[in-house]
Amino acid sequence: MHLLLFRCSRFAIYALLGCVIVFGHTAYGQENTMYPILEDGNFGFINYNGEVIIEPKYSGAKISSEGLAAIRSGYLWGFTDREDSVQIAPQYSSVFPFSDGIARVQSGQYWSFIDRTGEPITDEYFTSALDFGDGLAPVRVRAGTVAGLEPKWGYIDREGEMVVPDKFVRALPFSNAMAAVEVVRKVLVVSINTRWGLLDPTGSWVVEPEFHSMRNPSEGLALARKGRRRGFIDSTGTFVLELDYEQIFSFKENRARVSEGGLWGFVDRAGEVVVEPGYQRADDFSNGRALVLTGDGYGFIDSTGTMVIPPRYEKAASFDQGLAWVTLEGRSGYIDTTGIFVWREED
């Protein structure tokens, strides 16, 4: 999920008041996307053109994915379609968007997966789970809360079968046929340390577990650290770009977010500075725009670092499927990538 770069308000996440509006990250806006709105404490949906397609009546809502949007009734989540025909009745404590026809859902403290009809793909429940990628999903079968027992993660397929054994301390979703995993290194039965590597979908090593930390590959490169070396590795485990910043994030739309001296900027795939670290906050690029915070407020830059939507908003979220949620002069709504409001709450 993109960072929600604003302080709590009635348009942010409100656990105590029972109001939730959530943004994710996917492709550019499409005509069939449902965008959540909040009016008088209730949630409804608009389309990409800003037309209300479902009147506000829910206690929580999330942007749609694959034609279904998560809605909350009371404390439970389900899914509805554009005609507001509830396809999966609210019954879960938490849900995530559909991806390739499967959604991750939580019941109490346990996680599982359902298809578009609401049927579970497996009878198994997991202590934690992440989304499917390349037909596989990482699941945790043991939390590792007991002294001497590490967490156990593995991968299930779309039929719910464990196809990559649960032998990892941590496991991330597959992307472009690779996934970052963490393993325990032992001498006899004594745990010495942990290391990260990259797996292929068969469970074989693409990059041996030799790294102290690693993030999942993004746009062909994985952010990793090995000793004092930190930067991006390719599928052979070779550092192709080493960087020296306080914080480094993975590439999104060929730009990596970095911080220096508490300020944020961006570098390209060659490590060249595209945007000098100078913003108080910044989010990754999405839909050709990056959300940044200046002394004047939130605005949006393009991939060259040009401020294309002036920093005038009190609150803002990154673009998601072509629209961004912002607040200007106390009134919230959605803008398109040119900064024009397509929908805005009434005075």
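Each value in this text was obtained by applying a stated rule to the coordinates, not by laboratory testing. Predicted model, so just to flag it, every value in this text is computed and none were measured. Neighbour counts run over all protein chains shown; Cβ positions are idealised from the backbone, glycine included.
Of VAL292, PRO97, LEU172, which is farthest towards the positive pole of the chain's charge dipole, taken about the Cα centre with +1 and -1 on the beta-carbons of Lys, Arg and Asp, Glu respectively?
Value computed over the given set: LEU172.
In whole Hz, what ³J(HN,Hα) sequence does segment 207-222 give by Karplus (6.51, -1.76, 1.60; θ = phi - 60°), x for Gly and Pro?
Values per residue, Gly and Pro as x: 10, 4, x, 10, 9, 6, 8, 6, 10, 5, x, 9, 6, x, 10, 10 Hz.
Pick from LEU243, LEU38, LEU221 the residue whose mean-square fluctuation is largest in a GNM of the chain, springs joining Cα atoms under 10 Å.
For the chain, modelled as a Gaussian network with Cα springs under 10 Å, the answer is LEU243.
Which residue fluctuates the most in the chain, going by a Gaussian network model with Cα springs under 10 Å, if the choices are ILE121, ILE233, ILE192?
Maximum fluctuation in the GNM of the chain, among the listed residues, is at ILE192.
Where does each of TRP205, TRP343, TRP77 land when they are ranked from fewest to most other beta-carbon atoms within 10 angstrom? Show your work: numbers first, answer last.
Details: TRP205 13, TRP343 19, TRP77 26.
By the 10 Å Cβ count, ascending: TRP205, TRP343, TRP77.
In debye, nearest 20, what is the charge dipole magnitude of segment 57-138 about its Cα centre with +1 on Lys and Arg Cβ and -1 on Asp and Glu Cβ, if you could check? Intermediate values should be presented prior to the final figure.
Details: 6 positive and 11 negative charges, 89 e Å.
Here the size comes out at about 420 debye.
State to the nearest 20 debye the size of the charge dipole of segment 126-217 about its Cα centre, where the only charges are +1 on K and R beta carbons and -1 on D and E beta carbons.
Working: 10 positive and 11 negative charges, 85 e Å.
It works out to roughly 400 debye.
Rounded to the nearest 0.05, what FRET efficiency is calculated for ASP40 and GLU119 with R0 set to 41 Å and r the Cβ-Cβ distance? List each step's numbers first, then the result.
Details: r = 35 Å, r/R0 = 0.86.
Once rounded, the FRET efficiency stands at 0.70.
Within 10 Å of each candidate Cβ there may be at most 11 other Cβ atoms; applying that plus a DSSP loop requirement, which GluC sites (Glu not before Pro) in segment 115-172 survive? Present the calculation step by step, with values, prior to reporting the outcome.
On the way: sites: GLU124, GLU159, GLU161; in loops: GLU124, GLU159, GLU161.
Qualifying residues, ordered by number: GLU159, GLU161.
If you average the alpha carbon positions of segment 279-346 and of segment 166-241, how far apart do those two centres end up, in angstrom?
Answer, in whole Å: 35.
Below 30 Å, Cα to Cα, which lysines can LYS62 reach? Residues fewer than 8 away in the same chain don't count.
Cross-link targets: LYS252, LYS315.
Where is the GNM fluctuation largest for the chain (alpha-carbon springs, 10 angstrom cutoff): GLY278, GLY197, GLY262?
GLY262
How long are the semi-axes of the equivalent ellipsoid of segment 126-217, taking √(5λ) for every eigenvalue λ of the Cα gyration tensor, in whole Å from largest down? Write out the running numbers ahead of the final one.
Values: eigenvalues 86, 53, 21 Å².
Over the Cα atoms of segment 126-217, the semi-axes work out to 21, 16, 10 Å.
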